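> A single structure is presented below for examination.
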Amino acid sequence: MKAFTANLMYFAISFFLGAIAFHYGLSYSLESNYFDLVWILAIFYFFFNFLIGWHFGKKDYESIPLNDVGFRFHFVTYFLFNSISMLWFSLGLNSQYESLRVVYLIAIFWGIILIIHFILYLLERRKSINGLSKEDLFE
Amino acid sequence: MKNNNLLAELLATWEETYKKGQLTLWIFLSLKDGRKYVDEIKTFVEEQSENTMTCESQSLYRTLRKFKHVGVVDFETGSGNKGPDRKYYFLTELGLDLLDTFIQRNINLFFNKRIKNLINKED
């Protein structure tokens, strides 16, 4: 099964750029004591991710309806967000108010949710052939 | 009059259920007939089914993408009629095996002498 589709790649690129912009904005706002700006950034970042997920997810399903219960998009999101967060600290771009411990905790707890999602994906895969739902394949 | 209405309603309901899943067989038959692009498949299905089956091009593209994904159909790009290149679809070896096995198990039954007689029998 071709898991890394064109729409997933466009989503990954958009998410990557959004995550870089968010991390930069977050560290800059905290370092400059613009604490109110953090809320605005977080809300904007939430809607940005929701929209790109909706847009590329829908296009991906219309192109080829892979029965993966959203796992591929979730995995890419998890991988990129946590990689960028860790890279941000290793390059020393974080503000003094950010903690690496929080980054690890997010990776661990989110990772647990990702594993549960992976189990659901494996269960769903049993109802599929090459990632396509057996029920819909010859509809 | 009432019975005619009931017959029409029952027939429409039965046909609606019966036709679900039939499109795959018609697409496969059209490709067994030879390589075709989407509009040719659409024409084949509508003509050969005597317009009992209709399909939209968009829905055909979507179905063919799924069939290609599971490896029963593939395409080659060929020149279009004065326009852009077209995708000419064909059945892969797996697709041909699938169609033949499906026909042997599900369609050939209707050519059984007893069933043929029953179908042709006057009430």
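None of the figures in this text is laboratory data; all of them are computed from the coordinates on show. Remember, predicted model here, so these are calculated numbers, not experimental data. So basically every Cβ, Gly included, is an ideal-geometry build from the backbone, and we count neighbours across all protein chains shown.
> Could you please find all residues in the range B:89-106 being crowded, with 18+ Cβ neighbours inside 10 Å and either touching a Gly at 6+ places or on another chain (Cβ under 9 Å) or assigned to a strand (DSSP E or B) (or both)?
B:89, B:91, B:95
> Being among the charged types (D, E, K, R), touching a Phe, Trp or Tyr at 6+ places or on another chain (Cβ under 9 Å) and within 14 Å of chain A (Cβ to nearest Cβ) narrows it down to one of B:116, B:36, B:68, so name that one.
Residue meeting the stated conditions: B:68.
> Quick check, is residue B:45 under 19 Å from residue A:137 (Cβ atoms), within 14 Å of chain A (Cβ to nearest Cβ) and in contact with a Ser or Thr (Cβ under 8 Å, 6 or more places away or on another chain)?
no
> For the range B:11-23, does any single residue satisfy the condition of being within 14 Å of chain A (Cβ to nearest Cβ), in contact with a helix residue (DSSP H, G or I) (Cβ under 9 Å, 6 or more places away or on another chain) and buried (at least 17 other Cβ atoms within 10 Å of the Cβ)?
Yes - at least one qualifying residue is present in the range B:11-23.
> Now for a different question. Enumerate the helices (runs of 4 or more DSSP H) found wholly within the range A:27-139, keeping only those where 2 or more residues are in contact with a His (Cβ under 6 Å, 6 or more places away or on another chain).
Hits in the range A:27-139: A:71-90.
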